[in-house]
Amino acid sequence: MAFNPLNWLLGLFSLDIGIDLGTANTLVNVRGKGIVINEPSWVVIEKKTRIPIKIGLAAKEMIGRTPNNLVAIRPLRDGVISEFEITKAMLEYFIGGAHQQSIVPLPRPRVVVGIPSGATEVEKRAVYDASIAAGARETYLVEEPLAAALGAGLPIREIRGSMIVDIGGGTTELAVFTMDGIIVSRSLRVAGDEMDQDVAQYIRNKYNLFIGERMAEQVKTSIGSAFPLPEEKTMMVRGRNLITGLPQELEISSVEIREALRSALQVIIDTIKEAMDEVPPEILSDLLEEGVCLSGGGSLLLGLADRLADELKVRVWVAEDPMTCVARGAGLVLEDLDGCAQYLVGLERKSPRN
Ligand code: ADP
Ligand code: MG
């Protein structure tokens with residue numbers, strides 16, 4: 001990039017913001033301050049006009065409790081922008097929120113946004129446009145698994161190989177890196193949400209008990225597991241009995257929930273195995289040494305690392321603070337935009353893998 005004194009001056013006073021625009025949670029990392037916003041990617045809109053009424057935490061609290069004229073949605077549910085205007089409003093709210101935290105008026109911020117590696121051109125353009133429309137002066141896109149790997153501290157610049165598996169709400173992203181490049185990657189639309197649905201379905205089939213989305217997620221995060229637990233757990237679950245139509249409460253065990261999660265986990269495991277099949281033997285031997293790193297909220301599922309280690313025959317470990325890896329990685333990219341030029345995707349500058 002040519003030196004531009006105006007940009008340089010703007011840079012001194014403006015905010016640099018790294019955003020993890022997740023399907024489940026959006027995190028905003030302000031350079032020099034750290035993560036200042038961490039809220040669910042939920043928006044409550046008015047049904048008729050589709051005007052956003054509540055965003056983030058306030059919107060998530062309304063799930064399943066909205067009056068008839070409103071509806072709670074996740075505009076990025078499957079890892080893509082299906083609702084452009086609403087995503088834009090959400091980004092405006094989050095970028096604005098970070099911006100307003102400064103005392104003096106600042107020029108518009110520079111923004112790095114993490115996007116799923118499977119995103120199409122149209123989807124990338126939508127994130128870019130939404131960010132610019134939301135007030136960013138410059139916007140750069142970085143692939144989520146790359147940001148996650150940077151945030152997790154993987155040695156992706158080195159010649160030895162490393163691997164990340166990021167399990168979010170809507171998507172599981174995995175990538176194998178060597179010398180700054182991705183050599184194998186996968187983006188899978190099976191992750192935390194699918195697990196929640198499977199939990200709800202299981203309880204419905206077995207007990208005729210209909211439970212809400214939030215209850216299902218609570219069951220998963222409290223007693224869900226991927227590997228037998230040293231001490232199995234139980235939990236009271238509340239819902240509506242589909243036969244009597246009345247409220248009902250019953251006890252569910254972690255053994256049952258593990259069964260409910262079995263098929264979603266199998267899909268994730270098979271995808272990782274398939275990707276590992278494509279890894280050249282030298283890099284594979286690096287992975288044996290280095291292990292596979294997990295990030296994203298899904299990596300917090302009890303026993304997941306043990307289960308994967310057992311299936312893949314490599315060491316598997318969970319990154320420190322796994323839910324903030326992408327946001328922290330986006331922050332690292334911002335700190336050295338020129339040095340990270342090869343990580344940027346998309347529209348403003350093509351990634352120079354010439
Ligand atoms: P995204 O990047 O798609 O926004 P996140 O990385 O924020 O997703 O992860 C959100 C997912 O992680 C949700 O599906 C949530 O239920 C799941 N999650 C959070 N904590 C746990 C936990 N302790 N056990 C299992 N899943 C969890
Ligand atoms: Mg994510």
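The values are calculated or read from the model by the stated rules, or taken from the named source; none is laboratory data. Computed from a prediction, not measured in an experiment: that's the story for all the values here. Neighbour counts run over all protein chains shown; Cβ positions are idealised from the backbone, glycine included. Remember, those area values only see protein heavy atoms, side chains included, never the ligands or the DNA or RNA. Shrake-Rupley method; radii C 1.70, N 1.55, O 1.52, S 1.80 Å.
Data table
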item: Single residue of Ala305, Ala327 found to be under 30 Å from Tyr140 (Cα atoms), within 16 Å of ligand 1 (Cβ to nearest atom) and either out of contact with any Leu (no Cβ under 9 Å at 6 or more places or on another chain) or not aromatic (Phe, Trp, Tyr) (or both); result: Ala327
item: Some residue of the stretch 26-48 being closer than 26 Å to Ala191 by Cβ, modelled with pLDDT under 85 and not basic (Lys, Arg); result: no
item: Contacts under 9 angstrom Cβ, first residue in the stretch 167-178 being more than 8 Å from ligand 2 (Cβ to nearest atom) and open to solvent by 10 Å² or more (accessible area, probe 1.4 Å), partner polar (S, T, N, Q) and modelled with pLDDT of 95 or more, 6 or more apart; result: Thr178/Ser162
item: Identity of the residue in the stretch 78-124, open to solvent by 50 Å² or more (accessible area, probe 1.4 Å), touching a Gly at 6+ places or on another chain (Cβ under 9 Å) and modelled with pLDDT of 80 or more, that ends up nearest to Val43 (Cα to Cα); result: Tyr93
item: Any pair with Cβ under 7 angstrom, 6 or more apart, that starts in the stretch 229-255 at a residue that is in contact (Cβ under 8 Å) with a residue 60 or more places away in the chain and ends at one that is open to solvent by less than 80 Å² (accessible area, probe 1.4 Å); result: Leu229/Ser254; Leu229/Leu302; Leu229/Gly303
item: The listed residue being in contact with a strand residue (DSSP E or B) (Cβ under 7 Å, 6 or more places away or on another chain) and closer than 19 Å to Gly22 by Cβ, out of Gly291, Gly331; result: Gly331
item: Single residue of Arg189, Arg157, Arg204, Arg214 found to be within 16 Å of ligand 2 (Cβ to nearest atom) and open to solvent by 70 Å² or more (accessible area, probe 1.4 Å); result: Arg189
item: Given (1) of a type outside the set (D, E, K, R); (2) more than 15 Å from ligand 2 (Cβ to nearest atom); (3) surrounded by fewer than 20 Cβ atoms within 10 Å (Cβ to Cβ); (4) modelled with pLDDT of 95 or more, number of the condition Pro67 does not satisfy; result: (4)
item: Failed item, numbered, when Thr139 is tested on (1) within 15 Å of ligand 2 (Cβ to nearest atom); (2) in contact with a helix residue (DSSP H, G or I) (Cβ under 6 Å, 6 or more places away or on another chain); result: (1)
item: Of all residues in the stretch 41-59 being open to solvent by 10 Å² or more (accessible area, probe 1.4 Å) and touching a residue at least 24 places away in the same chain (Cβ under 8 Å), the one that is nearest to ligand 2 (Cβ to nearest atom); result: Trp42
item: Every pair of residues 6+ apart whose Cβ atoms lie under 6 Å, when the first sits in the stretch 138-151 and is without any contact (Cβ under 8 Å) to a residue 60 or more places away in the chain while the second is open to solvent by less than 10 Å² (accessible area, probe 1.4 Å) and of a type in the set (Val, Ile, Thr); result: Pro145/Ile164
item: Which listed residue, of Ala319, Ala305, Ala309, is at pLDDT 95 or above, under 23 Å from Arg160 (Cα atoms) and touching a Lys or Arg at 6+ places or on another chain (Cβ under 7 Å); result: Ala309
